[in-house]
Amino acid sequence: MAGEAQADCLFCKIIAGEVPATVVRETDTTYAFRDINPQAPTHVLVIPKVHYADAATLAAAEPQITADLLREAGEVAAEEKLESYRLVFNTGSGAGQTVFHAHAHILGGRGMQWPPG
């Protein structure tokens, strides 16, 4: 069921402590940890503690938690001392989403090109 932890979801397992992660921040509604395959000097994922497949589904069902996620992304960027950064939500496998639990990528510490590849 949407919103509930999924036994086969990697990010739900990270939240539950079943899979280790390098935690950066945690709130009542969000969890932030370092990406295991960083694409920039700073690459942190911020996820909601509730399970929704992607950002659009999360936003439709839980607008306050979506706002919490965005606020936490800003807090992580500030703590990481990023003067500029990219915030990315991949939605669907064609866009590069590999874990179907809504999450934001915070990328920083190097120049970013536009458009992204």
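The values are calculated or read from the model by the stated rules, or taken from the named source; none is laboratory data. Computed from a predicted structure; not experimentally measured. Reconstructed Cβ throughout: ideal geometry from the backbone, glycine too, with neighbour counts over all protein chains shown.
State the number of residues belonging to the range 104-114 that are outside any loop (DSSP other than H, G, I, E, B) and among the small types (Gly, Ala, Ser).
Count: 2.
Pick out, from the range 1-103, the helices (runs of 4 or more DSSP H) lying fully within it that include 1 or more residues that are of a type outside the set (Val, Ile, Thr), in contact with a Pro (Cβ under 8 Å, 6 or more places away or on another chain) and modelled with pLDDT of 95 or more.
Those helices (runs of 4 or more DSSP H) span 55-61, 63-79.
Out of the residues in the range 8-26 meeting the condition of being touching a residue at least 12 places away in the same chain (Cβ under 8 Å) and farther than 24 Å from Thr42 by Cβ, tell me which one is surrounded by the fewest Cβ atoms within 10 Å (Cβ to Cβ). Let's see the steps before the verdict.
Just the residues of the range 8-26 that are touching a residue at least 12 places away in the same chain (Cβ under 8 Å), to begin with: 9-12, 14-15, 21-22, 24-25.
Add one more test, that the residue is farther than 24 Å from Thr42 by Cβ, and what stays is 9, 12.
On the way: Cys9: 16, Cys12: 20.
If we take residues in the range 8-26 being touching a residue at least 12 places away in the same chain (Cβ under 8 Å) and farther than 24 Å from Thr42 by Cβ, then Cys9 is surrounded by the fewest Cβ atoms within 10 Å (Cβ to Cβ).
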